[in-house]
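Every number in this text was worked out from the coordinates using simple rules, so none of it is lab data. It should be emphasised that the depicted structure is a prediction, and the values quoted were computed from it without experimental measurement. Positions of Cβ are backbone-derived with ideal geometry, glycine not excepted, and every protein chain shown enters the neighbour counts.
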Amino acid sequence: MIPLYKLEKFPPSLKWRKIAKIFGEAEYRLSRGIDLSAEDYGYLVHILELLTPDPGFAGITRALKDAYRTLKTRSPRERQDVSRILNTIRHFLLAKTGQAPADWDFIDHTGRLDPEKRRYFPGMWVYLEDIRSPFNVGAIFRTAESFGVERIFLSPWCADPNHPRAARTAMGCVSIVAWERLSPDTGLESILSGESSCFALETGGTELADFTFPLQGTLIVGSEELGVSPHALAVADASLGRVSIPTYGAKGSLNASVAFGIALQSWAGALSKVRYPCP
């Protein structure tokens, strides 16, 4: 713990950053089920009292004091309420210093994922072709795990799923979803064989509501800038074709990971009506 008298002497911006870090550490402990002691809460309250000359902090100080008074039973629900208060305070302080959080800066409150609890649809595969952003790769892994993808294949030039930003965004899903990076000498055809089918998420195809999703197959997701390559589109068109998401705004396009999530939920919804995921 940083002594209060030292915190009080810091310049405002530095003081806010230090206090944000202190509250982040307390929030992290609660997210792992570790209760804070009365001394810990007292320390946090006293820290906020250093900030009360600024009217913007007065309500937050009262909120933390109220949370402290409700912690007699230390129930999980109360921990969750206090975590939310700590989270609000932390981001309020960071905003005071002009810092905007990225997705990979957030505290993962879900804890370690248990691979034994993972369920997936056999034969539900995804091929990521030249997705450059680690954030998008991580978001796609998280979405794929949630909707039952069995395996993800990456083109040689995809961002690394183990990149810190990707791993943080995926929130543990990179370690429990099977994935494989294809070498430059192999291509999309190497993962297709026999009756295996594929389709591309791309403009100019069948609208999502009218598309017939396969029981087994590979969904191709293309580059953020250029979309699916002509070669991969030709492979998809020779198989199941393209699925497109109708949009109604001026932009007319979606972030790659967002579009993937919309399409994958529709595929998983169609599969869930005719088959069950494997435990």
Checklist entry - Where does the charge balance sit around Leu44 when Lys and Arg score +1, Asp and Glu -1, over other residues with C-beta under 12 Å from its C-beta? => result -2
Next on the checklist: Please compute the length gained on full extension between Ser175 and Tyr276, using 0.36 nm multiplied by the number of residues separating them and subtracting their Cα-Cα distance.
Outcome noted: 34.1 nm
Checklist outcome for this item: Ordering 171-183, 136-148 by per-residue average of other C-beta atoms within 10 angstrom, highest first, gives 136-148, 171-183
Checklist entry - Taking the Cα atoms of the range 173-279, what is the range of coordinates along each of the three principal axes, in descending order and whole Å? => result 38, 36, 31
Checklist entry - In nm, to one decimal, how far is the modelled label at Ile2 from the one at Leu215, with both set 7 Å along Cα→Cβ? => result 6.1
Item to check | the chain: relative contact order in percent, alpha carbon pairs under 8 Å with at least 6 residues between | outcome: 17
Next on the checklist: No solvent, one uniform scatterer per C-alpha: report log10 I(q)/I(0) for the range 148-226 via the Debye equation at q = 0.17, 0.20 1/Å, two decimals.
Outcome noted: -0.87, -1.14
Checklist entry - If you take the charge dipole of the chain about its Cα centre, with +1 on Lys and Arg Cβ and -1 on Asp and Glu Cβ, which of Ala270, Ser146, Ile60 is farthest toward its positive end? => result Ile60
Next on the checklist: Please report, ordered by residue number, every helix of the chain (full DSSP H runs) that is 20 Å or longer along its axis going by C-alpha atoms and whose mean Kyte-Doolittle hydropathy reaches -1.0.
Outcome noted: 12-31, 76-96, 256-272
Checklist outcome for this item: Diffusion coefficient in µm²/s returned for the chain by Stokes-Einstein, Kirkwood Rh over C-alpha pairs, 25 °C and 0.890 mPa s, is 114
Item to check | Estimated FRET transfer efficiency when R0 is 30 angstrom, pair Asp35-Gln265 (beta carbons, to 0.05) | outcome: 0.20
Item to check | Within the range 140-163, backbone nitrogen closer than 19 Å to the virtual label 7 Å beyond the Cα of Ser190 toward Cβ | outcome: 151-162
